[in-house]
Every structure is written in C-alpha cells, then in structure tokens.
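The values are calculated or read from the model by the stated rules, or taken from the named source; none is laboratory data. Remember, predicted model here, so these are calculated numbers, not experimental data. Here Cβ is always computed from backbone atoms with ideal geometry, including for glycine, and neighbour counts include all displayed protein chains.
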Amino acid sequence: MSTNPVRNGGRLCYGGDWNPEQWPPEVWREDVALMRRAGVNLVTVGVFAWSRLEPAPGRHTADWLDRVLDLLHDNGIRAALATPTAAPPPWFTLAHPDALPVTTDGVRLHHGSRDTYCAAAPAYRAAARDIAGFLADRYAHHPALALWHVHNEYGTTCHCPHADAAFRRWLTDRYGDLDALNAAWVTSFWSQHYSDWAQLATPRATQYLGNPGQLLDFRRFWSDTLLAAYAEQRDLLRAANPAVPVTTNYVLGDWVPVDHARWASEVDLVAIDHYPSAVDGGAEEQTALAADLARGWARHGAYRRGAGDDSWLLMESAPNQLHTAGRMHTKEPGRLARHSLAHVARGSRGVMFFQWRAPAGGAERFHSAVVPHAGPDSRVFREAAQLGDLLGRITEATAGRVAAAVALGWDAASAWALRHPGMPSRAPDHHAEVAAAHRALWRAGVACDLVPPGDPLDGYRLLVLPALYLAADATVDWVRRHVDAGGHLLVTWLSGVADEHARIRLGGYPGAFRDLLGIRVEEFHPLADGDRVALTDGGYGELWTETVHLAGSEPVVGYRGGVLDGRPAITRHRHGDALAWYLSTRPDDDTYQRLLAGAARDAGVGPVCPAAPPGVEAVRRHDGDSSWLFLLNHTDRPQRIPATGTELVTGERVDEAVTVPAGGVAVLRERPR
Ligand code: GLA
C-alpha cells in the first residue's frame with residue numbers, strides 16, 4: 001500500500017476536473033496557460049472518457065490522453081488520472097444488456113446518461129478491470145501521474161438477477177444458516193419466513209412496507225459490493241506502481257448506499273465531493289460538517305490501518321453556483337475562498353473544483369466552472385486565481401492538525417435504518433440530527449470530531465450521540481467505557497432504540513442506554529411538520545417528544561403545555577464527576593447551541609477562539625508548540641479579533657488584533673504562548 005498520498009512538492013493541491021476530451025487541442029493549450037495563471041497544480045482527467053478511450057470493445061484510442069498528460073507535465077501540473085468506469089459507452093450496453101441496472105420496480109435502465117451498469121454484473125466488472133488495466137499499463141509511470149482516481153462517486157444500486165445472486169452469497173456469509181437470518185429479520189412477522197436461500201432477493205417494490213432488516217442488510221451488502229468493485233481496480237493500479245496512491249471520490253447524501261467509514265481503510269486518501277444545498281448561512285454550516293466528516297473518516301481509516309494521518313482531499317466543489325432546490329444561487333464575492341479555506345482548515349490537502357471549463361453542451365452545461373461560458377475575463381476566474389495565490393501563502397499552516405475534545409457519533413447503518421418508512425414519523429434522520437448537533441457546536445465555536453462507533457475516544461471530554469438508532473452490544477460497551485473513564489455524554493432521541501439488526505431493544509427506550517442515562521422512555525409523541533412544543537427554559541422543541549420517566553437522572557428542562565406538560569424533556573444523570581445528558585426532543589437552534597456549549601463547558605471544553613464574534617468561524621491547527629488560527633469572516637463587516645503572530649495572507653505582523661475583511665479570511669501563525 002502506498003504511504004505517500006499525493007506527494008505534491010509540499011504544496012496544497014489546487015485544481016479540479018478537466019475534460020480535454022470535450023475540446024480541441026488549441027483549447028487545451030489555452031486551458032493549461034490559464035491553469036498556470038491560477039496556480040493550478042493538480043487536475044482530474046479522464047473521469048467520464050471511456051467512449052473516447054475505447055470506442056469499440058478492445059480497441060483503444062489514447063493518443064489524445066498521452067498528449068494531455070505530456071502537456072500537463074511540461075507545464076508542471078500533475079494529474080489525478082481517473083478510471084472512466086462510471087460512464088460505460090453505448091457499445092457496452094448493447095453487448096451486455098444483462099449488465100444494465102434494474103430499479104426496485106423492475107425497470108431496466110438504458111444508456112443516455114451516466115452510471116448505467118450493475119456493479120454486481122460480471123460483464124461490467126470485467127470491462128471495468130480491462131479499461132483500468134489498460135490505463136495502468138500505459139500511465140502507471142507517467143511523470144505527471146500524482147494520484148489514481150477510481151471511478152466517480154460510487155453510489156448507484158441495482159436489483160437485477162446478478163445483484164440477487166450476489167446478495168444471497170453475502171447473506172450466506174453473514175448468517176451461515178437461515179435460522180439466524182430469519183431471527184435477525186424477524187420474519188415471523190407477516191409470514192416472511194425463508195425456508196430456502198433461493199427465496200431471497202434484493203428488496204423490490206412491495207405492496208406495502210418492506211422488511212426493515214432486509215432493507216438494512218441490502219444497504220450493507222451493496223456498500224460491500226461497490227467496495228469490491230473499487231478494490232479490484234485499486235489492486236491492479238497499485239500493482240502497476242505501488243508508489244502512486246489510489247482513491248475514489250465519496251459522494252455525500254442520505255441516499256448513498258456506501259459506508260464511507262468502512263471504505264476509509266481501503267483508500268490511500270479519503271477524498272470527498274461537496275456541494276452545499278443551502279444558500280444562506282446553511283452553506284457554511286454544511287461545509288464545516290462535510291469537512292469534519294471527511295477528517296473523521298480519514299482518522300478512522302488511519303486507525304484501522306494502524307498508520308497514517310487524518311488529512312484528506314476536497315476532490316470536487318462548486319467554484320460558483322450553489323445548486324439549491326430547483327435553482328442555482330450565484331456565490332457572492334469572497335465565498336469561494338471562505339468555503340475552500342473551511343475545508344483546508346479542517347484537514348483537506350487542497351481545493352479541487354468541478355469543473356475547470358464549462359462545457360458547451362451536455363447535461364451539466366450550466367454547472368459552475370472556473371472558466372465559465374463567459375471565458376476567463378470573469379469574476380469567478382479572477383477569484384479562483386486569487387485563491388491559488390492565497391493557498392501558496394498559507395501552506396505552512398497545514399503542518400498542524402485540528403484538535404477537538406468533543407466527539408460526535410456518526411453511523412451509516414443508523415442513517416439507513418432510520419430511512420425505513422415504518423418509523424413513527426418521517427422526522428427521524430440521522431444525517432439531519434448529526435447536522436443539527438454539529439450546527440449547534442459550530443455556532444458555539446466548539447471544535448468537534450466526527451467519530452464512528454468503536455473508534456478510540458481517548459482525549460474526548462464529551463461524546464455526543466444524535467439519533468444513533470442502532471446500537472450493537474459492542475457500541476453499548478464503547479459508550480459505557482467512555483463514561484466509566486470520566487467522559488461526559490449527551491444522547492438524543494431515537495439513539496440506542498434498536499440493535500444492529502434494527503430489532504427493538506425492549507423494556508423502554510432507549511434500551512441500549514437507559515441505565516447510563518438514568519431514564520426510561522415509555523411513549524413517543526412525534527410532532528406534526530411545523531409544530532413545536534414550549535420548553536421550560538424559554539426555548540421550544542420540534543419534530544419529536546417523548547414520555548420520559550426519571551430513573552436516577554434529574555430533570556433539567558421540562559415540557560410546557562400539551563400532553564407532556566410538566567414532564568422532563570431534557571435530563572442529566574451524574575456518574576462521578578461526569579454528566580450523561582438526554583434530549584427527548586430536537587431543541588430549536590438557539591437552545592441547542594446553549595445546551596451544547598453548556599455541556600461542553602461542564603466537560604471542560606471551551607470555544608476555539610472565545611473572542612471571535614458571531615459569524616466568524618475559527619479553526620485552530622496545532623503542531624507541537626506551533627499553532628495556526630484560520631478565521632473566516634462570514635459577515636458583511638470587517639471584524640477585529642484579538643490575536644498575536646503573523647497573518648499569512650497579507651504577511652503582516654499582528655501584535656494585538658487581526659482585522660478580517662468583510663467576507664474575507666485570515667490565517668494567523670500564532671505567537672507561541
Ligand atoms: C458530482 C459529480 C460530477 C458532477 C457534479 C455536479 O460531484 O462527480 O461529475 O456531476 O456532481 O455537481
């Protein structure tokens with residue numbers, strides 16, 4: 001395995017997806033000249049170029065890619081060379097109709113877009129290995145090659161006979177015998193008992209609610225299937241030149257059937273794509289969360305491998321428009337740099353955009369680009385060139401690492417299980433609850449790490465578990481050990497309700513953590529969309545409420561009005577010096593911020609930069625006695641923050657305070673205290 005992810009001459013990576021296959025060579029030359037102007041040093045190439053590399057089965061035409069890689073090398077720009085397996089050519093469809101994906105409704109999809117394949121189909125896997133092998137043979141030692149970028153955003157599913165057969169094999173490995181599977185899926189309900197493996201299939205469209213255990217296992221199985229497809233490409237790329245790191249770009253979203261934590265030890269470098277869906281402050285909050293998640297996966301991967309650091313790479317982001325529901329929102333001046341630095345501050349080895357040049361046609365012709373339809377005489381290109389310059393000035397700051405004393409639990413399987421439509425309401429959503437807790441910490445200025453269950457918790461003073469619905473016995477032990485060691489705990493509604501098979505833990509919710517929290521929840525009272533219930537501290541709860549009985553804990557905040565009037569909403573249980581909090585509702589943002597800041601304070605954890613005013617994001621990186629403070633001013637006024645050291649963007653010495661321009665950034669090498 002490579003231990004050398006993206007050696008880039010000590011520089012931060014800067015660039016994005018470049019698609020020379022869409023343009024004549026004179027545009028390539030202009031592009032490369034513009035890249036040099038913008039300080040670009042890494043570009044992803046070939047990501048959807050299969051039909052240009054193999055126009056007919058087994059006939060390869062890569063002269064153009066030879067020229068592209070040589071041109072990049074001649075200009076000091078390195079390549080993240082992609083395997084094009086996310087976009088099989090039309091000839092593949094016609095030659096292998098059995099390898100086309102089938103939806104849950106049994107509809108077989110056709111080419112005309114991208115991702116038209118079943119990852120379990122032998123013909124697809126063989127064709128993917130062939131084209132990856134061709135690229136490995138031809139380019140594994142090309143001097144421009146910095147990184148292999150396998151496929152693109154693994155995430156599509158399939159329900160064809162190949163997928164069914166693979167699912168049966170996976171289930172046989174997992175359960176060994178049908179009794180164990182029947183027990184795990186509680187098939188005694190609705191006459192679903194399986195008496196022969198041949199009766200099992202991937203979850204299809206059903207008359208009414210499907211089996212929760214089957215749906216959950218399908219997600220796990222499909223994550224493993226996609227991982228196997230990735231790993232076989234990785235292995236042959238690695239065999240061709242072990243010095244070149246291999247990765248794939250993670251796509252984020254609750255629909256994604258990939259357990260990114262589990263994949264983290266299989267990639268040489270965690271790489272994510274991030275496109276916020278919110279426009280206002282939400283975009284900044286989502287950006288911080290995505291970057292913290294990426295760092296959490298990178299740390300998890302390093303822990304599982306027993307080596308490595310927690311850096312990662314922002315492989316795709318939008319240079320300009322944010323795509324919100326139904327429309328594009330053009331980023332305001334300065335936002336490009338702030339979003340980019342939010343990633344770098346949290347451990348990204350650089351900033352990559354999708355995409356370099358806006359295409360003249362094709363499905364994503366209006367997606368934002370560094371070189372837009374208007375050409376390089378444009379605000380977005382100028383801002384991108386400024387960012388290239390800025391990244392060159394702050395490189396030293398990336399020596400440090402983010403230090404957080406709050407751990408926030410993240411679990412793909414809980415997210416999948418909560419998507420089952422038979423839940424008491426549509427509100428439960430692990431992603432949304434993690435995001436809400438993260439937002440509260442972000443607004444309070446408290447740094448946190450995203451941690452998958454089971455990872456070491458040494459050094460974390462507070463563990464926050466939002467809607468961690470599934471808790472295996474090992475997870476219960478993990479939480480208990482943290483509390484026994486004096487760690488504080490904060491658990492929210494719908495955590496620990498079920499075991500790893502999504503079977504309810506009986507005797508009162510949350511079965512896994514009742515004792516630790518000193519409570520017993522008797523009933524759920526989900527709220528209607530838009531409803532809220534008053535809390536005794538002046539705030540309100542949304543989405544969900546519960547009948548909580550105290551069993552050793554003390555009430556901290558109660559419900560006011562409604563059927564739960566006077567009953568506890570938020571409780572606290574003392575374990576020696578440590579506190580275990582329970583939230584039976586989703587507090588409004590202000591209340592949540594206050595609560596989490598208070599819980600952190602009780603645990604001895606304060607904000608990263610107590611002097612930073614609201615709207616200024618602060619991230620600190622440490623390396624021994626050295627530290628660097630990233631300050632991102634999301635407000636429309638200059639902000640003055642007490643600090644001492646050297647501001648790296650301007651190069652100015654700071655003796656008392658640094659002024660961060662409206663909508664701007666500052667990166668301070670702090671004077672050792
Ligand atoms: C993803 C894909 C890109 C492109 C962008 C659009 O990140 O990897 O190919 O489709 O989304 O936002």
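Checked against (1) within 15 Å of the ligand (Cβ to nearest atom); (2) assigned to a loop (DSSP other than H, G, I, E, B), Gly308 passes all but a single condition, namely (1). Looking across region 338-360 at every residue that is more than 20 Å from the chain's Cα centre (by Cα) and of a type in the set (A, V, I, L, M), the one that is farthest from Trp297 (Cα to Cα) is identified as Ala360.
Kindly provide the set of residues from region 228-244 that are touching an Asp or Glu at 6+ places or on another chain (Cβ under 8 Å) and either over 11 Å from Val150 (Cβ atoms) or not assigned by TED's automatic domain parsing to the domain that holds Gly296 (or both), ordered by number. Can you show your working first?
Let us first name the residues in region 228-244 that are touching an Asp or Glu at 6+ places or on another chain (Cβ under 8 Å), namely 230-231, 234, 240.
Within region 228-244, just Ala240 meets the criteria.
The number of residues in region 315-325 that are within 11 Å of the ligand (Cβ to nearest atom) and either part of a strand (DSSP E or B) or under 17 Å from the mean Cα position of the chain (by Cα) (or both) comes to 6. Among the conditions (1) hydroxyl-bearing (Ser, Thr, Tyr); (2) outside the structural domain of Asn241 (by TED's automatic domain parsing); (3) within 16 Å of the ligand (Cβ to nearest atom), the only one that Ser188 does not satisfy is (3). In region 82-98, the residues that are free of Cβ contacts under 8 Å to residues at least 12 places away in the same chain form no Cβ pair under 8 Å with any partner that is hydroxyl-bearing (Ser, Thr, Tyr), whether six or more places apart or across chains. Considering (1) buried (at least 24 other Cβ atoms within 10 Å of the Cβ); (2) within 16 Å of the ligand (Cβ to nearest atom); (3) not polar (S, T, N, Q), the lone condition that Arg299 does not fulfil carries the number (2).
The residue that is surrounded by the fewest Cβ atoms within 10 Å (Cβ to Cβ), counting only those in region 264-283 that are within 16 Å of the ligand (Cβ to nearest atom) and farther than 16 Å from Thr44 by Cβ, is Ser277. What about Asp115, is it acidic (Asp, Glu) and part of a loop (DSSP other than H, G, I, E, B)? Taking the combined requirement at face value, the residue satisfies it. Taking the stated definitions as given, is Pro319 under 19 Å from Glu617 (Cα atoms) and touching a strand residue (DSSP E or B) at 6+ places or on another chain (Cβ under 8 Å)? Judged against the criteria, Pro319 is not a match.
Applying the set (1) among the β-branched types (Val, Ile, Thr); (2) within 16 Å of the ligand (Cβ to nearest atom); (3) outside any loop (DSSP other than H, G, I, E, B) to Thr156 leaves exactly one unmet item: (3). Mind checking whether some residue in region 82-99 is within 16 Å of the ligand (Cβ to nearest atom), touching a Leu at 6+ places or on another chain (Cβ under 8 Å) and not in a loop (DSSP other than H, G, I, E, B)? No, because not a single residue in region 82-99 is within 16 Å of the ligand (Cβ to nearest atom), touching a Leu at 6+ places or on another chain (Cβ under 8 Å) and not in a loop (DSSP other than H, G, I, E, B).
Beta carbons closer than 8 Å, at least 6 apart along the sequence or on distinct chains, pair a first residue in region 651-673 that is free of Cβ contacts under 8 Å to residues at least 12 places away in the same chain with a second that is part of a loop (DSSP other than H, G, I, E, B) for Asp655/Thr644.
Is it true that Val27 is of a type in the set (Val, Ile, Thr), out of contact with any helix residue (DSSP H, G or I) (no Cβ under 6 Å at 6 or more places or on another chain) and under 18 Å from Leu147 (Cα atoms)? Criteria not met by Val27.
One residue alone among His110, His162, His142 is touching a residue at least 24 places away in the same chain (Cβ under 8 Å) and in a loop (DSSP other than H, G, I, E, B), and that residue is His142. When region 236-262 is filtered for residues that are more than 17 Å from Tyr124 (Cβ to Cβ), away from the ligand (no atom under 16 Å from the Cβ) and in a helix (DSSP H, G or I), the ones remaining, listed by number, are Leu237, Arg238, Ala239, Ala240, Ala261, Arg262.
Name the residues in region 65-81 that are away from the ligand (no atom under 16 Å from the Cβ) and surrounded by 15 or more Cβ atoms within 10 Å (Cβ to Cβ), would you? Explain how you work it out, then say what you get.
Within region 65-81, the first condition is being away from the ligand (no atom under 16 Å from the Cβ), and the residues that meet it are 65-79.
Correct list: Leu65, Val68, Leu69, Leu71, Leu72, His73, Asn75, Ile77, Arg78, Ala79.
If you go through region 267-314 and keep only what is free of Cβ contacts under 8 Å to residues at least 60 places away in the same chain and in contact with a Phe, Trp or Tyr (Cβ under 6 Å, 6 or more places away or on another chain), you end up with Val270, Ile272, Ala294, Ala298. Pairs are defined by a Cβ separation below 8 Å, a sequence spacing of at least 6 or placement on different chains, a first member in region 30-50 that is within 15 Å of Trp148 (Cα to Cα), and a second member that is more than 16 Å from the ligand (Cβ to nearest atom) and polar (S, T, N, Q); the pairs so defined are Leu42/Asn8. Meeting the requirement of 1 or more residues that are outside the structural domain of Ala432 (by TED's automatic domain parsing) and hydroxyl-bearing (Ser, Thr, Tyr), the strands (runs of 3 or more DSSP E) wholly within region 567-673 are 626-633, 645-647, 657-660.
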